[in-house]
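Down below is the structure, laid out as structure tokens.
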Amino acid sequence: MLRIALKMLFRDRAKYAMLIGGLTFCSLLMGQQTSVFCGLMMWTTALVRNIGAQVWVMDAKAEQANEVVALRQIELDRVRSVPGVAWAVPLYVGIEQARLSDGSFQNIQLIGLDTGTFTGRPMRMTEGRIEDLRLPSAVIVDQVAVAKFHKKGITLKIGSVFEVNDKEARVVGICHVARSFLGQPYVYTTFDRAMEFARPQRKLLTFVLVEPLPGLSPEELSARINKLPGLRAVTLDQLFWETAIWYIKNTGIPISFGTVVILGIIVGIGVSGQTFYLFVHDNLRYLAAFKAMGARMPTLAAMVLLQAFFVGFVGYGLGMGLTAWFGSAVLRAEQPPFFMPWQIPVFVAAVILFICTFSAAIGLIKIARLEPAVVFR
Amino acid sequence: MKPAIRVENVVKTFGVGEARSFALKGASFEARFGELLMIVGPSGCGKTTLLSVVCGTLNFDSGRIEVFDHDLSAMSTGEITRFRCKNIGFIFQQFNLIPTLTAVENASVPLLLNGHGTRGAEKTAAALLDQVGLGGKIHSYPNQLSGGQQQRVAITRALAHDPRLVLCDEPTSSLDAATGKKTLELLKERALEPDRCVIIVTHDSRIYHYADRIVEMEDGHVIGIHEDPKNFHHA
């Protein structure tokens with residue numbers, strides 16, 4: 001009888017297509033929007049992931065990674081004095097303006113790495129060598145800088161020159177890193193040179209990056225550093241989540257994406273639930289005939305559930321397939337943001353399962369109340 | 001010899017309170033093995049209700065119904081459903097063929113409900129369809145068949161699992177005279193066996209003469225049982 005159920009479903013082509021279409025659209029909307037949302041949240045944590053230090057020390061009032069609250073230089077020595085610190089290095093992060101050779105401007109995110117160790121260096125160099133940062137006026141730019149400058153008609157390559165706050169910056173390498181939330185290009189240089197590029201300020205140290213001694217966990221070391229007044233130390237994971245959660249709490253992004261996801265669920269329930277109800281309703285006379293011929297409720301329930309879950313399975317597969325296709329396309333272009341952790345397919349599957357169960361339940365209630373004697377009327 | 005079906009003083013009402021109406025007011029009759037029994041009467045006299053309570057698709061308020069020695073009032077809904085599945089074949093007024101299933105798939109449904117495998121059920125159904133002259137139409141959908149052909153599929157479906165009781169509700173009302181005649185002849189030829197019983201509910205006087213006996217109903221009562229259908233003329 002299960003085969004009969006599937007044949008009844010497949011051969012009612014209009015409703016079958018509508019059911020599949022509704023569930024595909026619902027899966028696509030939920031999968032794509034939640035993946036873009038997660039991608040956007042990943043962008044907010046780009047700095048944390050690009051630098052990758054185990055323990056981050058910042059001003060006690062700084063709430064997340066992209067909030068620059070400068071520290072005094074002396075804080076570096078205070079952190080180094082904490083027992084359990086293997087090493088501690090400075091990091092400068094600031095938004096500056098680059099002036100291009102044609103006179104136009106481009107906002108950049110200037111990263112000043114520890115001059116001696118280059119701690120926080122870009123993981124993937126596509127051109128040049130990190131060591132060349134020691135050359136005069138040297139900077140390394142990321143792929144976003146190359147693209148943004150290209151749009152302005154300037155081809156960035158090794159040897160290209162631009163100005164940061166009236167000081168010459170010479171490109172010695174091109175790297176590929178996670179792009180920032182606001183889309184500003186990352187420009188890497190040494191900490192000392194960053195002090196020259198940056199506008200003059202009393203405090204210019206943004207973070208102190210710390211490595212615990214072997215055997216000491218980052219959490220334990222953070223707790224020790226947190227005893228220093230005016231400083232706050234967090235682990236990489238903590239800073240990642242604090243940053244993402246800060247954006248969730250303090251921006252309209254989750255409401256915007258959440259609304260679309262909820263709309264997807266409503267459309268799914270509305271279109272698929274209603275279509276499935278119509279499908280069952282149109283077949284009620286025949287289901288009553290089955291009942292009269294001796295089909296028991298478990299048999300009919302199995303038929304209806306199979307039909308509902310089959311369309312759910314196909315719709316989910318198509319929807320997530322389209323989401324993955326969208327994802328692979330945008331990942332190549334690196335925008336819009338897209339990140340699909342395993343929780344998203346599971347979440348979408350759970351919602352589709354709910355929609356199918358809900359749709360089937362409506363049909364089953366109708367069938368359970370159906371008197372087989374109606375076939376004689 | 002024991003009757004195949006015994007209906008004693010069966011009462012069936014619909015609604016409650018002032019809206020309560022009596023569909024059957026103490027109907028009684030017996031159907032014998034090997035006979036084609038017709039239940040006739042004007043519209044609204046309770047024929048279809050009587051058919052529904054005999055096959056257990058509708059509960060009755062009082063009285064007693066025995067089908068092949070099984071007392072329906074003593075059986076649970078599940079037991080009645082299983083009994084119906086195995087022992088009763090149905091031919092409906094509107095055929096009730098599933099429009100999205102082919103003739104052979106429609107005819108195989110009772111076999112599938114009785115636990116047969118798809119391949120075996122369709123093989124049996126195809127052979128039966130061939131016997132009723134639809135060998136070339138087994139993969140046709142109901143909307144590709146004429147009314148008479150659809151009724152032949154319905155007959156095949158009713159007989160596919162070899163039931164002991166075949167119940168027909170107005171089997172000729174949707175057919176023209178010639179097709180209706182052929183349908184009855186086919187039904188008599190294929191359905192009637194010494195251990196089987198066929199009950200037809202109808203008000204089509206053109207087919208009365210095919211019956212072995214006629215149960216005449218009016219206003220929820222059985223008002224007469226006619227042993228000589230050829231001389232029966234309903235008012």
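Computed from the coordinates by the stated procedures, all read-outs in this text should not be read as laboratory data. If you're wondering where the values come from, they're calculated on a predicted model, not measured in any experiment. Here the Cβ positions follow ideal geometry from the backbone for every residue, glycine too, while neighbour counts run over all protein chains shown.
For chain A: lysine pairs with Cα atoms under 19 Å, gap of 8 or more or different chains, count?
Here the count comes out as 9.
In region A:148-211, how does Rg compare with the Kirkwood Rh, expressed as the Rg/Rh ratio over alpha carbon atoms? List each step's numbers first, then the result.
Working: Rg = 13.7 Å, Rh = 13.9 Å.
My calculation of the ratio gives 0.98.
Considering only DSSP beta bridges with both partners in the protein assembly as shown, what is the antiparallel share in %, to the nearest 5? Can you show the working numbers first?
Values: 55 of 83 bridges.
Among the beta bridges of the protein assembly as shown, antiparallel pairing accounts for roughly 65 percent.
Note the angle between two axes, namely the Cα long axis of helix B:177-191 and the longest principal axis of the Cα atoms of chain B, as a number of degrees from 0 to 90, rounded to the nearest 10.
Helix B:177-191 sits at roughly 90 degrees to that axis.
Out of B:ASN96, B:ASN87, B:ASN106, any idea which swings most in a Gaussian network model of chain B, alpha carbons joined below 10 Å?
Greatest mean-square fluctuation among the candidates belongs to B:ASN96.
Please compute the modelled spin-label separation between A:SER104 and A:ASP77, points set 7 Å along Cα→Cβ, answer in nm with one decimal.
Result: 4.6 nm between the two label points.
Helix-derived [θ] at 222 nm for the protein assembly as shown: sum -39500 (n - 2.57) over DSSP H runs of at least 4, divide by residue count, nearest 500? Provide the component values of the computation, followed by the final result.
On the way: 19 runs with 264 residues, N = 612.
-14000 deg cm²/dmol, from helical runs alone.
Please name whichever of A:LEU228, A:GLY120, A:ASN66 sits farthest to the positive end of the charge dipole of region A:46-250, dipole taken about the Cα centre and charges placed at Cβ: Lys and Arg +1, Asp and Glu -1.
A:ASN66
Among the lysines in chain B, how many pairs, 8 or more places apart or on different chains, have alpha carbons under 20 Å apart?
9
How big is region A:97-180 along each principal axis, measuring the range of its Cα positions in Å and listing the largest first?
Largest first, region A:97-180 extends 34, 24, 21 Å along its Cα principal axes.
Once both axes come from the Cα atoms, what is the angle between helix B:118-131 and the longest principal axis of chain B, in degrees from 0 to 90, rounded to 10?
Long axis of B:118-131 versus the principal axis of chain B: about 80 degrees.
Taking only the alpha carbons of the protein assembly as shown, what extent do you get along each of the three principal axes, in Å, biggest first?
Result, largest extent first: 122, 49, 44 Å.
Report the one residue of B:ALA177, B:LEU192, B:ILE138 whose Cα lies farthest in the direction of the positive end of the charge dipole of region B:94-235 (charges on C-beta: Lys and Arg +1, Asp and Glu -1; origin at the Cα centre).
Ranked along the dipole, the leading option is B:ILE138.
Counting DSSP beta bridges with both partners in chain B, what percentage is antiparallel, nearest 5?
Working: 20 of 38 bridges.
So the antiparallel bridges amount to about 55 percent of the total.
Would you order B:ASP169, A:ASP59, B:ASP228 from fewest to most other beta-carbon atoms within 10 Å of each residue's own beta-carbon? Walk me through the numbers on the way to the answer.
Working: B:ASP169 23, A:ASP59 20, B:ASP228 10.
Final ranking by Cβ density, sparse to dense: B:ASP228, A:ASP59, B:ASP169.
Could you give the angle, 0 to 90 degrees to the nearest 10, between helix A:13-44's Cα long axis and the longest principal axis of the Cα atoms of chain A?
20
Charges only on Cβ, +1 for Lys and Arg, -1 for Asp and Glu: so what's the dipole of region A:46-250 about the Cα centre, in debye to the nearest 20? The partial results should precede the final answer.
On the way: 25 positive and 22 negative charges, 53 e Å.
Charge dipole of region A:46-250: 260 debye, to the nearest 20.
Using a Gaussian network model on chain A with a 10 Å cutoff between Cα atoms, which of A:THR299, A:THR243, A:THR206 fluctuates the most?
A:THR299
Among A:ARG369, B:ARG6, which comes first, second and so on when ranked by fewest other beta-carbon atoms within 10 Å? Present the calculation step by step, with values, prior to reporting the outcome.
Working: A:ARG369 7, B:ARG6 16.
Listing A:ARG369, B:ARG6 from fewest to most nearby Cβ atoms yields A:ARG369, B:ARG6.
Which value, to two decimals, describes the C-alpha radius of gyration of region A:157-251 once divided by 2.2 N^0.38 Å?
Working: Rg = 17.4 Å, N = 95, 2.2 N^0.38 = 12.4 Å.
In units of the 2.2 N^0.38 Å rule of thumb, it is 1.40.
Lys/Arg Cβ at +1, Asp/Glu Cβ at -1, dipole of the protein assembly as shown taken about the Cα centre: which of A:MET303, B:GLN151, B:VAL215 is farthest positive-ward?
A:MET303
Just A:TYR188, A:TYR286, A:TYR277 to compare: in a GNM of chain A, with alpha carbon springs under 10 Å, which one fluctuates most?
Ranking A:TYR188, A:TYR286, A:TYR277 by mean-square fluctuation puts A:TYR286 first.
At 20 °C and 1.002 mPa s, grab the translational diffusion coefficient of region A:46-250 from Stokes-Einstein with a Kirkwood Rh over Cα pairs, rounded to a whole number in µm² per second.
Numbers: Rh = 17.3 Å.
D, rounded to a whole number, is 124 µm²/s.
Quick one: dipole size for the protein assembly as shown, taken about the Cα centre, charges +1 on Lys/Arg Cβ and -1 on Asp/Glu Cβ, in debye to the nearest 20.
Details: 62 positive and 53 negative charges, 158 e Å.
The dipole of the protein assembly as shown has a size of about 760 debye.
Counting DSSP beta bridges in region A:126-220, what percent are antiparallel, to the nearest 5?
Numbers: 8 of 13 bridges.
In region A:126-220, DSSP labels about 60 percent of beta bridges as antiparallel.
How would you classify region B:37-190 from its alpha-carbon gyration tensor, with a ≥ b ≥ c the square roots of the eigenvalues: rounded for a/c under 1.5, else prolate if a/b is greater than b/c, otherwise oblate?
Numbers: a/c = 2.23, a/b = 1.34, b/c = 1.67.
Judged from the Cα gyration tensor, region B:37-190 comes out oblate (a/c at least 1.5, b/c at or above a/b).
Do you know the relative contact order of region A:46-250, to the nearest whole percent, from alpha carbon pairs under 8 angstrom that are 6+ apart? Write down the numbers at each step before the final one.
Working: 436 pairs, mean separation 74.9, N = 205.
RCO, region A:46-250: 37 percent.
Can you sort A:SER180, B:SER108 from fewest to most other Cβ atoms within 10 Å of each residue's own Cβ? Kindly include the intermediate steps, with their values, before the conclusion.
Values: A:SER180 21, B:SER108 29.
Starting with the residue having the fewest Cβ neighbours, the order is A:SER180, B:SER108.
Can you give the local net charge around A:THR243? Use residues other than it whose beta-carbon is closer than 12 angstrom to its beta-carbon, Lys and Arg +1, Asp and Glu -1. The partial results should precede the final answer.
Numbers: positive: A:ARG49, A:LYS249; negative: A:GLU63, A:GLU67, A:ASP237, A:GLU242.
Cβ neighbours under 12 Å give a net charge of -2.
Looking at the P(r) of region B:121-235, how many percent of alpha-carbon pairs lie beyond 26 Å? Could you put the intermediate results ahead of the total?
On the way: 1565 of 6555 pairs.
When every Cα pair of region B:121-235 is considered, 24 percent fall beyond 26 Å.
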